[in-house]
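Asks: The structure's right below; bear with me while I get my questions together.
Bear in mind that the values in this text are calculations on the coordinates, not laboratory data. Predicted model only: the values in this text are computed from it and were never measured. We place every Cβ from the backbone using ideal geometry, glycine too, and count neighbours over all the protein chains shown.
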Amino acid sequence: MKILVVGGGGREHALCWKLAQSENVSEVICAPGNGGIDTHARCVAVAAEDVDGQVALAKSEQVDLVVVGPEAPLVAGLADRLDEAGIPVFGPSQKAAMLEGSKRFSKEFMERHGIPTARFTSHTDLEEALQEVARRNGPCVVKADGLAAGKGVLLCQTTDEANAAVHSILADKAFGAAGGELVIEDFLKGEEASILAICDGTDFVTLIAAQDHKAAYDGDQGPNTGGMGAYCPAPLVTDALRKKIIDEVIRPSVDGMAKDGTPFKGVLYAGLMIDGERLNVLEFNVRFGDPECQPLLTMLKSDLATVLLRAAKGQLAGTELEWHDGSAVCVVLAAGGYPGSYEKGDVISGLNEAATVPDVMVFHAGTQKDGDNIVTSGGRVLGVTGRGADFGDAREKTYRACDLISWNGMRMRRDIGHRAMK
Ligand code: AMP
Ligand code: GLY
């Protein structure tokens, strides 16, 4: 089969790399791709958000399956358009993508279906939101309703901070249209893990648990980013906890979406806060996490193309996934300044040397080709991902490869997976 992967980040590089390994795949096309993806796929310059362009490309290339990486085109209705065109697509409809596209929608969905999540209220009115903050008189979390590239979540320790957060979202429009509405919820304690499920609308199969590192600096300090690294499996999620997550979160969510008339097809990503016996959903995403996708697909033994095609066609029932033993770790190499402003166009060196480290893949995120060079073109530039017999082995190989790569201003966290080391 011929597959089109939509997107051009580290997640999409990992998807193309894994899909291209399948005996059942004749060609992988990636739009728009990046400076590293063309080793595994033919890159075509159509932007991920260009819904018309992606549909036209899928038609003209007569692909057998479209795999949508990022959330924006899903929320914009790309899967619906491909569906109308009769092209199998792995990714949720516009209505189902609201689980990520609107915090209020997802909170109300969880409330309606008894899925555990922090207590919340939602507001469009500034005065009402400020009254809620005053009523709470303590820590809370304020979230812009819409898509804000992971930046619309403000963790507030005090009433003053919460007031400022409400003002910045509703009055100052810090997140633009994404902040026409906001959610205020309880500040939860615990440790985070993510469970991703591949869903076909009715049935699902879960992946091993992953943990990402959103904070910019070591020790989980500094501003939130899209993710500075991730690893799997997360030892926090024992078999018993995994069963509980499936019973209390994943199955009710898949069933609830079907019952509501918006069956969920694609990756349902549940971001969880775990505090002893207590389990709460922090958020849903409607796609593979980036960078969680990189270590997850590195650990996956099964043929991804077959699994995703079955999911796209509603034929997932009975599918089981096979995994490699051990662990995988992804360390993001970022441009200096990220998640703030940063330089682009710096020449990256050491890629060939890093490629010689056994069991390591260097997934490209923000890169492009410039003559014979690969140069930086984004904040998160590379996702160096290694697999090992255990977590320590995976980590050692990964950082060994990271230390062979450099460019002007390159930065990484040195403590990815520190919780697994404990
Ligand atoms: P979200 O995009 O909703 O997952 O939020 C981004 C990050 O903010 C999460 O990964 C958590 O670290 C944190 N967060 C979100 N909601 C809460 C909450 N209710 N309590 C504590 N931390 C939260
Ligand atoms: N790494 C978190 C995300 O993809 O949303």
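Asks: I need Trp323, Trp17 ordered by Cβ neighbour count within 10 Å, fewest first.
Replies: Trp323, Trp17
Asks: Something else about it: Over 18 Å, how big is the tail of the calculated P(r) for region 332-422, in percent of all Cα pairs?
Replies: Pairs farther apart than 18 Å: 43 percent.
Asks: Using the number of other C-beta atoms within 10 angstrom as an exposure proxy, rank Cys16, Cys43 with the fewest first.
Replies: Ordered by Cβ neighbours within 10 Å, fewest first: Cys43, Cys16.
Asks: Separate question: Would you kindly calculate the mean projected area, averaged across all directions, of the convex hull enclosing the Cα atoms of region 271-344, in square nanometres?
Replies: Value for region 271-344: 8.5 nm².
Asks: Ranking request for peptides 328-334, 192-198: highest mean number of other beta-carbon atoms within 10 Å first, then the rest in descending order.
Replies: Top of the packing list down: 328-334, 192-198.
Asks: Taking amide H atoms as placed 1.01 Å from N in the peptide plane, list the residues 5 or more away in sequence, or in a different chain, whose amide H sits under 5 Å from that of Phe187.
Replies: Long-range HN contacts for Phe187: Val141.
Asks: Of the residues Thr225, Thr158, Thr298, which exhibits the maximal mean-square fluctuation in a Gaussian network model of the chain defined by a 10 Å Cα contact cut-off?
Replies: Thr158
Asks: What is the gain in length, in nm to one decimal, between Asp325 and Leu126 on full extension, counting 0.36 nm per residue of separation less the C-alpha to C-alpha distance?
Replies: So the chain would gain 66.5 nm between Asp325 and Leu126.
Asks: Which one, His167, His213, His364, has the greatest fluctuation when you compute a Gaussian network model over the chain with C-alpha springs under 10 angstrom?
Replies: Fluctuation is largest for His167.
Asks: I've got another one for you. What ranking do Val141, Val237 get, fewest neighbouring Cβ atoms within 10 angstrom at the top?
Replies: Placing the least packed residue first, the sequence is Val141, Val237.
Asks: Mind checking which aspartates and glutamates have their C-alpha under 17 Å from Lys259, skipping anything on the same chain fewer than 8 residues away?
Replies: Glu108, Glu111, Asp200, Asp203, Asp247, Glu248
Asks: Quick one: net charge of Arg11's neighbours, Cβ under 13 Å, K/R +1, D/E -1?
Replies: In short, -2.
Asks: Additional query: Any chance you could tell me what percent of the C-alpha pair distances in region 105-170 go past 19 Å?
Replies: The calculated P(r) of region 105-170 puts 33 percent of pairs beyond 19 Å.
Asks: Along each of its three principal axes, how wide is the spread of alpha-carbon positions in the chain, in whole angstrom units, largest first?
Replies: On the principal axes, the chain reaches 59, 47, 42 Å in Cα extent.
Asks: What is the Cα coordinate range of region 155-239 on the first, second and third principal axes, sorted by size from largest, in whole angstrom?
Replies: Largest first, region 155-239 extends 43, 36, 22 Å along its Cα principal axes.
Asks: Please report the orientation-averaged projected area of region 145-287, defined via the convex hull of its C-alpha atoms, in nm².
Replies: If I average the Cα hull's projected area over directions, I get 9.5 nm².
Asks: Once all Cα-Cα distances of region 20-157 are split into 5 Å bins that start at 0, what whole-number percent is in each one?
Replies: Bin by bin from 0 Å, the calculated values are 2, 9, 15, 16, 14, 11, 9, 9, 7, 4, 3, 1.
Asks: Another question about this same structure. Provide, in order from the shortest bin, the percent of all Cα-Cα pairs of region 77-193 in each 10 Å bin, continuing until the bin that contains the maximum pair distance.
Replies: Pair shares across the bins are 14, 40, 30, 12, 4, 0.
Asks: If you don't mind, there's one more thing I want to ask. For the chain, what is the relative contact order in percent, using Cα pairs closer than 8 Å and at least 6 residues apart in sequence?
Replies: So the answer I get is 16 percent.
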